[in-house]
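*Asks:* Quick one: the structure is below, and I'll ask about it shortly.
Coordinate-derived values only; no laboratory data. All values reported here derive from a predicted model rather than from experimental measurement. Cβ placement follows ideal geometry from the backbone for every residue including glycine, while neighbour counts extend to all protein chains displayed.
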There are 2 protein chains.
Amino acid sequence: MSLHAVILAGGSGTRFWPLSRSNRPKQFLPLVTEKTLIAETFLRVEPLCPAERIWVVCGQEHAALVRAELPRLPDAHLIVEPAARNTAPAIGLASLRVGREDPDATLLVLPSDHHVKDPAGFRAGLELAARACQGGDLLTIGIRPTRPETGYGYLRVGPRRADGAYAVDAFVEKPDAATAARYLQEGGYLWNGGIFVFRAAAILDALGRHLPAVHAGLEKDFAALASISIDYGVMEPESQTTRRIALVSGDFGWSDVGSFAALPDVRALDDKGNAVSGDVVTIDCDGCVVLSEGKRLVAAVGLSDLCIIDAGDALLVVPRDRAQDVRAVVDALRASGRTDKL
Amino acid sequence: MSLHAVILAGGSGTRFWPLSRSNRPKQFLPLVTEKTLIAETFLRVEPLCPAERIWVVCGQEHAALVRAELPRLPDAHLIVEPAARNTAPAIGLASLRVGREDPDATLLVLPSDHHVKDPAGFRAGLELAARACQGGDLLTIGIRPTRPETGYGYLRVGPRRADGAYAVDAFVEKPDAATAARYLQEGGYLWNGGIFVFRAAAILDALGRHLPAVHAGLEKDFAALASISIDYGVMEPESQTTRRIALVSGDFGWSDVGSFAALPDVRALDDKGNAVSGDVVTIDCDGCVVLSEGKRLVAAVGLSDLCIIDAGDALLVVPRDRAQDVRAVVDALRASGRTDKL
């Protein structure tokens, strides 16, 4: 097996505003440790796949950040997307490039902005998937749910295969709360974490069959391609036709670090359950996220489950259970033309 | 009547940290309008008592601030206390100085850090008190309670006098919650707002009788004087002996602006009841106090009854009902030697 890691770093979300800005999206933030999420991703896969076989896909505006964060990444392995077109075109482009350098390549496709508490277990899962994909199947990593999450797609688990992987019965859309609770109780459903393992040749073949226009345009007119995810555009239709889709299941302490509310799940906490960093004084606070980026002192008194994010020229205060609503602030700023703060 | 106003500006509280610092205490903050509380105090009394008969007592470290805030204050009317010794020595010193310039002076003694919504009504109350004190009585202004406040001393109201003032039956210590509720329900109790009206000669005479050491030391060794309030040291014992103590009662929309929690009572509010100033975006917030002093954007989402105070190199977040606990932060900073933030 010739393993190559492809780290997808084209994301540009707003859920970590004001820490994340358009010129520094989430993957370039040190949200869990003092290293950025993309640097942690690189280090996590490196024991399985040395630096000279790691690749990164990102937008032009973040290429310099990638080079700064990943000094060991080979220059030629930084793949700049001409435009952000979601994961199907990004993975297609990477598969072409890697396949040209190594026609036998097996790809470990990794989002750049996730956290994994058990990297050794995670690598073992990737290795299992890499072995299981050698015959041409497309593998994904299914994460065992730890809560009735409504923000993720799910994988319905099929029969176990001889190689230790499982068939995928179905890709399931994001469920409502009752359905998510049932999935958790019944078992047999895993989170779709957006992590894929396949041979470069196999994914290009599937891309050609399900998204021929995307496949044909990868190196011609990338910006004209449809914006479509690999799940929706390839994995799901493939699962309904050839059924050459499988999964490897695990827990790994995985988190997509979806918002400030998730930080207490992944960070070191004080004895009151607060996730704190920077120059912070908490008195009588519990379950809070208090981040101070600059030289300012943040004093928090008598608070529960509140996020206080002090980031340069902007400050956000929001309850943990409304952390998703930071989008409303971003929308309001955009609507009022205050793009200097975005 | 020869009215002189004496504005007491020697206070140095911590309840408005981080807006207030040791070099800029509460009276020098624009807490209610865009003018500082001391400037508002000056403007409030000026129609009754022109600038050339206004005086200010403050500490040496704040003399420059007073001059900057009150440009019309005569130079010779800035009385610098050699040390902070509470109101009895401060008022005694002012009475000596004013009495020397005008032996017939009647003093309107005003804290520099209160707010009054009805300044005309307030001035009418002061005028009534000034007339009532001409025979040598010591007058105080009693504020009609609007809530069962446990943070103030009270005045028990005695019989009405022919001049429109009332006798003071007793000075009552800060009550517990049940007692404060009873006072409010029964009536006959007023808040002691720390506002006094008397002839300079009369207060000096009473000071000589009740606090002879203070009286004797005012211009000799001020720093050696006991730290004692005019209420406790003079008004209360005088009320128990000569009974030449009286009050004028009113509402006036008075507030001592005791903490950040009080700001919604005195400031203009948005349509959700938030008191907001500076570069602030609120989404789905009510009853909050959000102050941004600098050039930073403060975004508040989904919050109720919370204070967010962004002040230069420090930020405070505290629920309104715990605003008094800012002292705990100040204590913690002092204990850890971080006096640069105080």
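*Asks:* Specify the residue with the greatest mean-square fluctuation among A:Asn274, A:Asn192, A:Asn23, computed from a Gaussian network of chain A linking alpha-carbon atoms under 10 Å apart.
*Replies:* A:Asn23
*Asks:* Let me check I've understood the local charge: for A:Cys288, count other residues with C-beta under 9 angstrom from its C-beta, Lys and Arg +1, Asp and Glu -1. What total comes out?
*Replies:* Here the charged neighbours net out to 0.
*Asks:* At a 10 Å Cβ-Cβ cut-off, how would you order B:Ser336, B:Ser227, B:Ser95, A:Ser12, fewest neighbours first?
*Replies:* Fewest-to-most ranking of B:Ser336, B:Ser227, B:Ser95, A:Ser12: B:Ser336, B:Ser227, A:Ser12, B:Ser95.
*Asks:* So who's got an amide H within less than 5 Å of the one on B:Leu303, skipping anything under 5 residues away but keeping other chains? H placed 1.01 Å off N, in plane.
*Replies:* HN-HN under 5 Å from B:Leu303: B:Cys285, B:Asp286.
*Asks:* List the extent of the Cα atoms of chain B along each of their three principal axes, largest first, rounded to whole Å.
*Replies:* Ordered largest first, chain B gives principal extents of 59, 45, 39 Å.
*Asks:* Now, a different point. Please give the FRET efficiency for A:Thr242 paired with B:Asp271, using the beta carbon to beta carbon distance and R0 = 51 Å, rounded to the nearest 0.05.
*Replies:* Calculated value: 0.30.
*Asks:* Taking the Cα-to-Cβ direction at A:Thr339 and at B:Glu34 and moving 7 Å from each Cα, how far apart do the two end points lie in nm?
*Replies:* Spacing of the two 7 Å Cα→Cβ label points: 3.1 nm.
*Asks:* With the convex hull built on the Cα atoms of the protein assembly as shown, state its orientation-averaged projected area in nm².
*Replies:* Projected area, direction-averaged: 35.8 nm².
*Asks:* Once you sort the root eigenvalues of the Cα gyration tensor of region A:260-341 as a ≥ b ≥ c, which label holds: rounded (a/c under 1.5), prolate (a/b larger than b/c) or oblate (the other case)?
*Replies:* Prolate is the answer for region A:260-341, as a/c is 1.5 or above and a/b outweighs b/c.
*Asks:* In debye, nearest 20, what is the charge dipole magnitude of region B:207-267 about its Cα centre with +1 on Lys and Arg Cβ and -1 on Asp and Glu Cβ, if you could check?
*Replies:* 200
*Asks:* Counting other beta carbons within 10 Å of each Cβ, put A:Arg209, A:Arg320 in order, fewest first.
*Replies:* A:Arg209, A:Arg320
*Asks:* Once amide H atoms are built 1.01 Å from N in the peptide plane, which residues 5 or more positions from A:Glu81, or in another chain, come under 5 Å H to H?
*Replies:* Amide H neighbours of A:Glu81: A:Cys58, A:Gly59, A:Gln60.
*Asks:* Given a Förster distance of 41 angstrom, what is the FRET efficiency for A:Arg147 paired with A:Ala51, based on the Cβ-Cβ distance and rounded to 0.05?
*Replies:* It comes to 0.70.
*Asks:* For region B:132-251, what does the alpha-carbon gyration tensor say about shape, rounded, prolate or oblate, given a ≥ b ≥ c as the root eigenvalues, a/c under 1.5 as rounded, and a/b over b/c as prolate?
*Replies:* oblate
*Asks:* On to the next question. Label-to-label distances across copies for A:Ala181, with labels 7 Å out along Cα→Cβ, in nm, shortest first?
*Replies:* 3.8
*Asks:* Charges only on Cβ, +1 for Lys and Arg, -1 for Asp and Glu: so what's the dipole of region A:260-341 about the Cα centre, in debye to the nearest 20?
*Replies:* So the magnitude is around 320 debye.
*Asks:* Further question: Can you spot the lysines whose alpha carbon is less than 25 Å from A:Lys35's alpha carbon? Ignore those fewer than 8 places along the same chain.
*Replies:* Partners within reach: A:Lys26, A:Lys117, A:Lys272, A:Lys295, A:Lys341.
*Asks:* Also, quick follow-up: Where a ≥ b ≥ c are the square roots of the eigenvalues of the C-alpha gyration tensor, would you call region A:152-221 rounded, which needs a/c under 1.5, or, failing that, prolate if a/b is larger than b/c, or oblate?
*Replies:* Oblate shape, in that a/c is at least 1.5 and b/c is the bigger or equal ratio.
*Asks:* Hey, another quick one. Hey, got the dipole for chain B? About the Cα centre, +1 on K and R Cβ, -1 on D and E Cβ, debye to the nearest 20?
*Replies:* For chain B, the charge dipole is close to 360 debye.
*Asks:* Suppose R0 equals 41 Å. What FRET efficiency, 1/(1 + (r/R0)^6) with r the Cβ-Cβ distance, do A:Ala68 and A:Asp176 give to the nearest 0.05?
*Replies:* 0.45
*Asks:* Positive end of the charge dipole of region A:260-341 (Lys, Arg +1 and Asp, Glu -1 on Cβ, about the Cα centre): tell me which of A:Val281, A:Ala299, A:Gly312 has its Cα farthest that way.
*Replies:* A:Gly312
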